[in-house]
Amino acid sequence: MQNAKIFKILFPALLLMGIGWWFYGNHYNPDRMTQELIVKKQLLKKTELVWDLWINGKEAKLFKESGEYCKEKVAGDGRCSHDLLNCVLPKSNLRIERKGKNKIQFFKIEPVKRQTLINYTSPVGSRVVMGILESKLTLFLESSCDKIFLPKRHYAIGAKKNPGLRDQFDTLQSNIFIDKEMTEAKGMTLFEMKKHCADRGMQLLESHLLDAASFHPVDLRNHLPKYFLQPPLPWTRNFKSEFVYSAQNDTNFLFEKKYCNFIYSKECKGFKNTSLPSWMGLKNPLGSLIEVVRNPFDVEMKLIPSSIYYSIHSKWHSLGKRASWSGNSYHRDDFNFSLFKNPVEEKFEDLKLGFRCMQEEFLK
């Protein structure tokens with residue numbers, strides 16, 4: 001009777017021990033765990049090819065191997081293109097070194113959007129789930145092809161030559177990324193532009209950082225300069241030898257189409273915008289759309305007027321020039337271009353403004 005009671009007490013524990021030993025014997029297999037680890041390491045190595053496809057598009061190895069069918073389905077160079085991933089990856093023949101089934105499957109390729117309180121915004125990247133049987137890896141590929149990195153160095157604010165210490169700053173303690181091209185913002189308020197950037201995890205570009213990306217540093221080798229020339233054109237330090245100076249000062253100046261390769265001015269309407277980027281890759285530091293910035297030094301002066309609204313003869317086509325905008329609407333009273341002239345032959349309600357977003361990561 002006593003033994004029966006002891007057995008009744010111990011039975012649940014013995015049962016659990018038995019189940020545990022069965023589970024251990026059947027599932028804890030060191031060789032199996034080692035093999036799975038090897039598979040995951042090999043999968044991780046193959047993610048380099050997926051990243052290469054994302055960053056380099058139609059120049060990537062995977063596209064050249066299996067992307068013939070996708071040439072006509074994806075526009076442009078295919079860089080940071082979710083459509084390109086969706087077309088190429090399922091057709092690729094990516095494999096790992098493994099007996100039996102070794103072809104990598106792509107279980108999910110989907111755009112990633114940043115959720116806001118109101119709705120879903122434009123994609124900020126792609127999520128790729130790849131693997132073999134139970135072994136899977138999830139990749140997040142951020143849309144970074146349209147951003148450029150602002151080199152770490154000392155910079156000057158505005159158009160002054162040899163500015164004082166108060167008009168200098170550096171980016172040595174942070175990583176700053178800036179949109180390469182402007183986003184068109186016709187009809188958008190300043191608040192809506194800031195929200196657009198916030199939805200991307202970024203903020204509206206600040207005026208002094210636009211200066212840094214536009215004015216040529218002259219001596220690229222010296223990242224801690226004591227003196228700044230701040231030439232008014234982004235591609236040369238010798239302003240008086242350039243067509244822009246002639247256009248602004250010579251009444252006999254004749255415009256030529258080749259000038260559109262430098263400044264996309266009013267005369268360039270109808271031509272493709274192929275103007276040169278700034279020294280660090282920023283598109284249209286002069287010309288194209290009127291650009292909106294955040295100006296922490298003078299909050300009203302938030303416009304860069306150089307654009308297709310001005311003839312090449314206009315003195316607005318010079319780096320560091322600012323005009324004011326309330327940021328609230330597009331009535332004439334919201335703008336002040338008093339330094340030179342208003343935009344030509346345009347209703348203020350029809351002005352096409354543009355803006356860029358920036359991302360700043362402070363270093364510890």
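The values are calculated or read from the model by the stated rules, or taken from the named source; none is laboratory data. Computed from a prediction, not measured in an experiment: that's the story for all the values here. Here the Cβ is made from the backbone with ideal geometry for all residues, glycine too, and neighbour counts use every protein chain on show.
Annotation note: Cβ proximity below 8 Å between a residue of region 91-119 that is over 19 Å from Phe140 (Cα atoms) and of a type in the set (S, T, N, Q) and a residue that is modelled with pLDDT of 85 or more and loosely packed, with under 14 Cβ neighbours inside 10 Å (sequence gap 6+ or interchain) occurs for Asn93/Lys103.
Put simply, of Ser306, Ser324, Ser311, Ser318 the only residue that is farther than 23 Å from Cys268 by Cβ, assigned by TED's automatic domain parsing to the domain that holds Tyr259 and surrounded by 13 or more Cβ atoms within 10 Å (Cβ to Cβ) is Ser324.
Just to be sure I understand, how many residues within region 60-86 are farther than 25 Å from Val39 by Cα and free of Cβ contacts under 8 Å to residues at least 60 places away in the same chain? Total meeting the criteria: 17.
Within region 261-279, restricting attention to residues that are of a type in the set (A, V, I, L, M, F, W, C) and over 29 Å from Gln168 (Cα atoms), the residue that is surrounded by the fewest Cβ atoms within 10 Å (Cβ to Cβ) is Phe271.
The residue of region 133-170 that is surrounded by the fewest Cβ atoms within 10 Å (Cβ to Cβ), among those that are in a strand (DSSP E or B) and touching a Pro at 6+ places or on another chain (Cβ under 7 Å), is His154.
Just to be sure before I move on: is Ser81 under 17 Å from Leu139 (Cβ atoms), under 23 Å from the mean Cα position of the chain (by Cα) and either surrounded by 15 or more Cβ atoms within 10 Å (Cβ to Cβ) or assigned by TED's automatic domain parsing to the domain that holds Lys45 (or both) in the structure I sent? Answer is yes for this residue. Residues in region 338-359 that are hydrophobic (A, V, I, L, M, F, W, C) and buried (at least 18 other Cβ atoms within 10 Å of the Cβ): Leu351, Leu353, Phe355, Cys357, Met358.
Within region 176-216, the set of residues being closer than 14 Å to Leu286 by Cα, assigned to a loop (DSSP other than H, G, I, E, B) and among the hydrophobic types (A, V, I, L, M, F, W, C) comprises Met182, Phe215.
When residues in region 53-93 are screened for being in contact with a helix residue (DSSP H, G or I) (Cβ under 8 Å, 6 or more places away or on another chain), aliphatic (A, V, I, L, M) and assigned to a helix (DSSP H, G or I), 6 of them pass.
Looking only at residues in region 235-260 that are at pLDDT below 95 and within 32 Å of the chain's Cα centre (by Cα), the one that is surrounded by the fewest Cβ atoms within 10 Å (Cβ to Cβ) is Asn238. Does any residue of region 256-263 turn out to be in contact (Cβ under 8 Å) with a residue 40 or more places away in the chain, closer than 30 Å to Ser144 by Cβ and in contact with a His (Cβ under 7 Å, 6 or more places away or on another chain)? Yes, there is a match, as at least one residue in region 256-263 is in contact (Cβ under 8 Å) with a residue 40 or more places away in the chain, closer than 30 Å to Ser144 by Cβ and in contact with a His (Cβ under 7 Å, 6 or more places away or on another chain).
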